[in-house]
Structure formats: structure tokens, C-alpha cells
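Peer 1: This is the structure I have questions about; it appears just below.
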Amino acid sequence: MIADILTGAIRSGTSVMLASQGELISERAGVINLGTEGSMLCGALGGFAFTVWTGNPWIGVLAGGVAGMLISAIHAFLVLTCGANQLATGLTIMFFGMGVTSFLGRGFVSEQIVGFNPVPIPVLSDIPFIGGILFNHDPLTYLSILLVPCLWYVLFRTRLGIILRATGERQEVLFASGINPKVVRYLAVMAGGFLAGVGGVQLSVAFTHSWIENMTQGRGVVAVALVIFAAWKPARAMLGAYLFGAAQALQLTVQQQGLPISPFFLFMVPYLLTLAALLIVERRKHSLMPESLGKVFAGDGAR
């Protein structure tokens with residue numbers, strides 16, 4: 001039972017983890033994107049549709065990432081060029097994503113695909129207990145795990161990471177260096193949307209092998225919350241995503257065991273744990289928040 005929950009934590013949490021890494025990039029540049037849910041949905045539908053049309057799930061990954069990037073580009077344009085409120089725009093983008101995918105996805109509900117399946121890593125997958133938990137997943141899950149140390153390295157050990165963090169902290173430093181912070185923010189938001197889209201693809205093409213309306217069920221919103229929980233650090237965001245996935249796996253395991261617990265309560269458990277985690281860490285995170293995000297919550301959006 002424990003092994004099933006831990007394995008499910010990674011499989012179910014990967015989509016959220018990819019979206020949270022993307023949102024982390026955006027917020028490090030000073031732009032909060034509450035439309036991450038919409039990017040995930042567009043990615044899930046785009047990836048599924050192109051997998052149906054081409055029979056190649058890797059083309060689906062690219063298409064889903066681009067779909068998530070495009071809807072995030074709308075958010076970036078409204079916020080950075082038009083000066084719209086980041087929070088209101090993000091919510092609008094989220095509901096737009098829900099609506100457009102519900103409309104365009106009607107014909108794909110009953111479609112069948114050959115998507116990504118678990119690929120056991122030779123030798124490592126045979127290790128008792130941890131082999132099945134860590135080394136028997138789909139290719140997107142393996143790539144998502146590799147993404148975390150790569151993103152950490154870029155953020156904290158490269159010039160590109162310094163530019164990104166400076167954009168979210170003190171944009172006047174970039175002006176002094178001849179770099180336009182608005183361009184950096186555009187690229188960060190679009191990169192975040194791409195990763196959120198790939199997270200949606202993992203959900204539809206690798207985890208469920210299906211498309212249903214609003215299949216993300218709030219995972220994009222949870223991803224935004226996990227970035228705060230993680231103090232804007234990639235590894236902690238990954239941990240938070242897997243905790244969310246573990247709660248999802250626990251819900252399914254308890255239902256399979258037939259325990260007398262209301263399924264409606266079990267459905268709430270992952271989201272209740274997310275709220276509890278945020279309450280626990282809230283008082284300690286304000287000093288770690290990128291300075292530009294503080295202006296957003298104070299009513300002064302990044303321009």
C-alpha cells in the first residue's frame with residue numbers, strides 16, 4: 001500500500017510539478033500567472049489532439065507546450081503591454097482556457113491514443129521497494145525530474161539566472177546594464193506557460209491516456225500555491241507537487257480498499273493539505289518573495 005502511494009505520488013504529481021516549475025520562472029521575473037490552469041488545460045487538449053492526429057506523443061508534447069505558451073503570451077501582453085492587473089487577468093485567462101478547451105475538446109472525449117507508458121530503467125527498476133517507486137515511470141516524468149536540478153543551476157549559477165532574478169527584484173539594475181526587463185518578463189511568462197502546457201500533456205497523454213472536460217481539476221491553481229510554499233525554489237516546489245500527488249494517490253488507494261470514508265471528503269484531501277502547507281509556511285515567506293510580486297499584491301502591477 002505504501003509503495004502504491006509513493007509511486008502514485010510521482011505519477012500524479014508530475015503534471016503539477018511541471019506547472020509549478022513554469023510558474024516559478026514567471027514569478028522570479030516578477031509576474032504572477034493565475035492563468036496557469038488555463039495553460040495546463042490548453043496543453044492537455046493540444047497534446048492529446050496532436051497525438052490523435054499524428055500517432056506520435058512527442059509531437060503532442062511539443063504541441064501542448066506551444067498551446068500553453070500561447071495562452072500565457074496573451075496574459076503577458078495584457079499585463080506587460082496593456083498594463084492590466086495581473087491577478088484579474090490571470091483569473092480571466094484561466095476561465096478562458098476552461099471555456100475554449102471545453103468547446104474544442106468535445107470531439108476528443110471518446111478518442112483512444114497510444115501515449116506514453118511507464119518505461120522501467122534496467123537494473124534500477126529491479127531494486128526491492130524503491131525500484132518500482134523511482135525507476136518505472138513514463139519518459140515525461142523522468143525528464144521532469146531532470147528539469148529540477150537544471151533549473152536550479154540556471155537560476156543560481158548562470159548569468160541568465162541572475163538576469164531573471166534581477167528582473168523580479170530590482171529592474172533598474174537591468175536598465176543600467178542595457179537589458180529591457182519587459183522582454184525578460186515576456187520570455188519568462190511564455191516559458192512558464194510552455195512548461196505548464198507540458199504538464200497538461202503529461203496528464204492527458206501519459207497519466208490518463210484520455211481527454212475529459214476540465215481534467216486538470218485545479219492543478220494549475222495548486223501549482224501557483226506551491227511556488228509560494230516552496231519559497232520560489234525548484235526542489236521545494238517538486239517536493240510540494242509530490243506531496244499533492246501522494247494525497248491524490250491516497251484518495252484512490254482508500255477507495256480501492258473500500259474503507260468507510262466519504263469519497264467527497266477524500267476528493268478534498270489534496271487541496272486541504274495544500275492549504276495547510278501554505279498556512280504553516282506563510283509567515284516565513286514574505287522576506288523571500290521577489291520584490292516585484294509585493295507590488296502586485298499591493299495593487300501596482302509590473303510593467
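Peer 1: Hey, can you rank 31-40, 91-100, 158-167 by average C-beta count inside 10 Å, highest first?
Peer 2: In descending order of packing, they fall as 31-40, 91-100, 158-167.
Peer 1: Could you work out the mean projected area of the convex hull around the alpha carbons of the chain, in square nanometres to one decimal?
Peer 2: 16.4
Peer 1: Let me ask you something else. Between 12, 177, 210, find the one with the highest GNM mean-square fluctuation for the chain; connect C-alpha pairs within less than 10 Å.
Peer 2: Looking only at 12, 177, 210, the biggest GNM fluctuation is shown by 177.
Peer 1: Just the number, please: Stokes-Einstein D of the range 162-212 in µm²/s, Kirkwood Rh from C-alpha pairs, 20 °C, 1.002 mPa s.
Peer 2: Translational D for this selection: 168 µm²/s.
Peer 1: Distance from the Cα centre of the range 89-103 to that of the range 60-88, in angstrom?
Peer 2: Cα centroid of the range 89-103 versus Cα centroid of the range 60-88: 11 Å apart.
Peer 1: Also: Residues with amide H under 5 Å of residue 119's amide H, sequence separation 5 or more or different chain, H placed in the peptide plane at 1.01 Å from N; which?
Peer 2: Counting only residues 5 or more places away or on other chains, the set is 137, 138.
Peer 1: If you add up the charges near residue 196, with Lys and Arg at +1 and Asp and Glu at -1, over every other residue whose beta carbon is less than 13 angstrom from its beta carbon, what do you get?
Peer 2: -2
Peer 1: With a 1.4 Å probe and all protein chains left in place, how much of the accessible area of the range 1-150 comes from carbon and sulfur atoms, in whole percent? The partial results should precede the final answer.
Peer 2: Working: 4590 of 6080 Å².
Roughly 76 percent of what the probe reaches on the range 1-150 is carbon or sulfur.
Peer 1: Work out the length of the dipole vector of the range 1-158 about its Cα centre, built from +1 on the beta-carbon of each Lys and Arg and -1 on the beta-carbon of each Asp and Glu, and round it to the nearest 20 debye.
Peer 2: 240
Peer 1: Taking the Cα centre of the chain as origin, sum charge times position over the Cβ atoms of Lys and Arg (+1) and Asp and Glu (-1), and report the length of that vector in debye to the nearest 20. It would help to have the intermediate numbers written out before the result.
Peer 2: Numbers: 17 positive and 13 negative charges, 159 e Å.
Rounded to the nearest 20 debye, it is 760 debye.
Peer 1: Report the full-extension gain for the segment residue 70 to residue 208: residue separation times 0.36 nm, less the Cα-Cα distance, to one decimal in nm.
Peer 2: That pair, residue 70 and residue 208, stretches by 47.3 nm at full extension.
Peer 1: Taking the Cα of residue 158, stepping 7 Å toward and past its beta carbon, and measuring to each backbone N in the range 26-44: which are under 20 Å?
Peer 2: 26-31
Peer 1: Which length gain, in nm to one decimal place, applies between residue 177 and residue 291 when the Cα-Cα distance is subtracted from 0.36 nm times their residue separation?
Peer 2: 39.1 nm
Peer 1: Highest mean first, what order results for 192-201, 213-222 on Cβ atoms within 10 Å? Walk me through the numbers on the way to the answer.
Peer 2: Details: 192-201: 34.5, 213-222: 21.5.
Output ranking for 192-201, 213-222: 192-201, 213-222.
Peer 1: Along the range 20-25, what does the Karplus equation 6.51 cos²θ - 1.76 cosθ + 1.60 (θ = phi - 60°) give for ³J(HN,Hα), rounded to whole Hz, x for Gly and Pro?
Peer 2: Coupling constants for the range 20-25: 5, 5, x, 5, 4, 4 Hz.
Peer 1: I would also like to ask the following. Just the C-alpha atoms of the range 34-95: what Rg/Rh do they give, with Rh taken as the Kirkwood radius?
Peer 2: Here Rg/Rh amounts to 1.10.
Peer 1: Follow-up. Using helices alone, what [θ] at 222 nm do you get for the chain, with -39,500 (n - 2.57) per DSSP H run of 4 or more residues, divided over all residues and rounded to the nearest 500?
Peer 2: -23500 deg cm²/dmol
Peer 1: Of the residues 179, 25, 212, which exhibits the maximal mean-square fluctuation in a Gaussian network model of the chain defined by a 10 Å Cα contact cut-off?
Peer 2: 179
Peer 1: Using +1 at the C-beta of Lys and Arg and -1 at the C-beta of Asp and Glu, which of 234, 41, 154 has the Cα lying farthest in the positive direction of the dipole of the chain?
Peer 2: Selected residue: 154.
Peer 1: Right, here's the next one. Could you give the accessible area per residue of the chain, probe 1.4 Å, as a whole number in Å²?
Peer 2: Numbers: 13830 Å² over 303 residues.
On a per-residue basis, 46 Å².
Peer 1: For the range 147-159, just list the computed ³J(HN,Hα) in residue order, Karplus coefficients 6.51, -1.76 and 1.60, θ = phi - 60°, integers in Hz, with x standing in for Gly and Pro.
Peer 2: 4, 4, x, 5, 5, 4, 4, 4, 5, 10, 10, 10, 5
The values are calculated or read from the model by the stated rules, or taken from the named source; none is laboratory data. These figures come from a predicted structure and were not determined experimentally. Because the Cβ atoms are built from the backbone with ideal geometry, glycine has one as well, and the counts that use them run over all protein chains shown. Please note that ligands, DNA and RNA were not included when accessible areas were found on the heavy atoms of the full protein model with its side chains. Shrake-Rupley method; radii C 1.70, N 1.55, O 1.52, S 1.80 Å.
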